[in-house]
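Since every read-out is calculated from the coordinates, none of them should be taken as a lab result. Note that this is a predicted model, so its numbers are computed, not measured. When we count neighbours, we look across all protein chains shown, and the Cβ atoms used for this are built from the backbone with ideal geometry, even at glycine.
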Amino acid sequence: MKKSFESIDEYIASFPKNVQTVLEQIRQVIKEAAPKSEEAISYNMAAFKLNGNLVWFGAFKNHIGFYPRESAIEEFKEKLSGYEVSKVQGTVKFPLDKPIPLDLIKEMVKFRVKENLKETNGSKC
């Protein structure tokens with residue numbers, strides 16, 4: 001994998017086609033859930049920002065890492081019970097050999113949007 005990326009397009013293009021498809025699906029779900037968010041590269045992963053950092057996602061050998069922050073991990077802990085999570089790091093691992101729960105990702109992104117807008121008094125409503 002390349003050492004640093006300039007865009008999410010470049011990041012996604014660095015993976016095999018099957019992984020690219022999954023990453024694009026996640027990207028689209030985030031865009032739907034947070035249409036006013038901006039794409040970025042942060043920590044050399046795909047990221048979305050809306051009044052600060054919103055969520056990150058990245059592909060690894062056997063999973064997709066999704067990083068919606070600790071608060072979302074706590075809020076959705078029951079729905080995430082079948083996945084490996086780290087509340088401390090705000091991370092969930094979605095195995096690549098199973099369907100990615102796009103509806104759950106959308107819910108978590110919407111939660112994070114509300115959280116970020118509340119923290120900044122809704123300046124991008």
Mind giving me the nanometre distance, one decimal, between the label points for VAL88 and LEU102, set 7 Å out from Cα along Cα→Cβ?
-> 3.4
Overall form of region 20-77 per C-alpha gyration tensor (a/c, 1.5; a/b vs b/c) = rounded
Selection of GluC sites (Glu not before Pro), region 32-125, meeting DSSP coil and at most 15 other Cβ within 10 Å | GLU78
For Rg and Dmax of the Cα atoms in Å, the choices are [x] 14.0, 43; [y] 14.6, 55; [z] 13.8, 41; which was calculated from the structure?
-> [z]
Relative contact order [Cα under 8 Å, 6+ residues apart], region 8-111, whole percent | 24
Exposed-site-free run, longest, the chain (rule: chymotrypsin sites (Phe, Trp or Tyr not before Pro); DSSP loop; at most 13 other C-beta within 10 Å) = 61-125
Rounded to the nearest 500, what is the 222 nm mean residue ellipticity of the chain from helices alone, with -39500 (n - 2.57) per DSSP H run of 4+ residues and division by all residues?
-> -11500 deg cm²/dmol
